[in-house]
Structure formats: structure tokens, C-alpha cells
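The structure that follows is given in the form of C-alpha cells.
Bear in mind these aren't lab numbers, they're just calculated from the coordinates by the rules spelled out. All values reported here derive from a predicted model rather than from experimental measurement. Neighbour counts run over all protein chains shown; Cβ positions are idealised from the backbone, glycine included.
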Amino acid sequence: MAAGEKKRIVFLGPPNSGKGTQAVTLAQRLGIPAISTGEMLRAAVTSGSDLGTRVRSVMASGQLVDDTLISEVLEDRIGSSDAHDGYLLDGYPRTAPQADTLARILARRGETLDHVVLIDAPTEVLARRALLRGREDDREDVVRERLEVYQAQTAPLVERYEAEGLLRRVDGDRTIEEVGRSVLAAVGGEV
Ligand code: AMP
């Protein structure tokens, strides 16, 4: 892609699909910030801020944080100067109302999305990876809950972005390097 061309990209995918890892790598390569709402919330919990106190137990249970609350966090972050010309969203939107909010934020800023990258892998692979990773919300029952929440609330967004012609599917059941090459190709980068 042309040097200096900034993009607005959304990463979609179930927990443990590897999208966080790929998001950081791609964003670095494109010179745009990787904005992970999950990371922002974990940082808030660690710092013991007001926000952290409010979201801690919801996160630990594998449920989603309230749409209005997370949308405020996101809108605030997108308003920072480093996101002026482009950004990669990892973990937002996760529900239909969040996708509506993102569409409103974009319209207000006179912007459009360039790509929605879906990284997917079979459920057994996701569950196995969760046990290896060992994050606080990677306990077996919480993993199952997070997968169910993804299927019920986030997976429907795939159709929506497919209908908008933005969806790029990437098989996440391969090595990090292989997935990375496909992700780059999916957003029109040179592999
Ligand atoms: P993640 O790191 O993206 O897997 O997110 C970890 C947890 O943070 C999720 O299980 C949710 O509890 C919460 N979270 C992150 N992003 C969102 C979002 N966009 N909407 C609601 N909850 C979120």
C-alpha cells in the first residue's frame, strides 16, 4: 500500500483467535495505534480506577461490559491525536449497539472503515489456547461463557460487515507468521 496511507480497521474474532497478537503487529506495520478495549479495561482494573472498579467483576465472569460505558471509553480514545488519521480496533464493536455507535462516531468525523478482518478458528483450538494462555478470564468455565457471549452477541456482526462489503476472512488455525501474512494481504498490504 502507498506509504503514509492510514487506515481504519476493525478486528473481529472469538476469544483466543490470536487477534490481539495480530492486531499489535499489523498496527505497528501500518503506523496506526492498536486500540484494544479489553487491554484498556484490564489496565483500569490493575490501576484500581473508578472504571476498573465498575468493570472488574463483569470481566471476571466472561460477560460484556455495558454498551454505553464501553462506548464512552472508545469514543474518548478515538478522539486522541494519535488516532486522527487511522486506527485498528481490537475487541470493539462487540454488539449491534456498539456497531451502531461506531457508525455514528465515524459519520460525525466524516470517516469510513476500510476493512473488517475476521480471524477465526475451530472451538477446540480456541479452548486449548485459552488453557495455555492462563489469563485471569481463561478459566475453563469463563472461557466457555466468553465463547457463548461471542456467538450470541458478536458473531452476528460478521453478516453486517459482509453486507457492507468490508469483511475479510482469515483462518486463524495456523502459525502466527502464516496468519500474519494473510492478515496483511487482507488489508491490501504487500506480503
Ligand atoms: P478482550 O481482551 O477483548 O478479550 O476483552 C476482555 C473482556 O473485557 C471481555 O470479556 C469483556 O468483559 C470486556 N470487554 C472488552 N471489550 C469490550 C467491548 N467492546 N464491549 C463489552 N465488553 C468488553
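Using Cα pairs closer than 8 Å and at least 6 residues apart in sequence, work out the relative contact order for the chain, in percent. Intermediate results must be reported in sequence, preceding the final value.
Working: 268 pairs, mean separation 62.7, N = 191.
Computed over the chain, the figure is 33 percent.
What percent does the relative contact order of the range 79-165 come to when contacts are Cα pairs within less than 8 Å and at least six residues apart? Intermediate results must be reported in sequence, preceding the final value.
Working: 31 pairs, mean separation 32.4, N = 87.
About 37 percent, as a whole number.
To continue, here is another question. Just want the answer: with Cβ charges of +1 for Lys and Arg and -1 for Asp and Glu, which residue in P97, V170, I32 is farthest toward the dipole's positive end in the chain?
Projecting each Cα onto the dipole axis, the largest value belongs to I32.
Follow-up question, since we're still on this one. Calculate the dipole size of the chain relative to its Cα centre from +1 charges on Lys and Arg beta carbons and -1 charges on Asp and Glu beta carbons; express the result in debye to the nearest 20. Intermediate values should be presented prior to the final figure.
Working: 25 positive and 31 negative charges, 44 e Å.
Computed charge dipole of the chain: roughly 220 debye.
Given Cα pairs under 8 Å that are at least 6 residues apart, what percent is the relative contact order of the range 115-187?
Details: 56 pairs, mean separation 36.4, N = 73.
Reported as a whole number, the value is 50 percent.
On a C-alpha basis, how far is the centre of the range 9-24 from the centre of the range 129-144 in Å? Whole number, if you could?
16
Taking the highest mean first, how do the peptides 58-65, 101-108 order by number of other beta carbon atoms within 10 angstrom per residue?
Working: 58-65: 16.6, 101-108: 14.4.
Per-residue Cβ counts within 10 Å, averaged per peptide and sorted highest first, yield 58-65, 101-108.
Label point 7 Å out from R29 along Cα-to-Cβ: which residues of the range 165-184 have amide N under 17 Å?
From the range 165-184, the list is 168-184.
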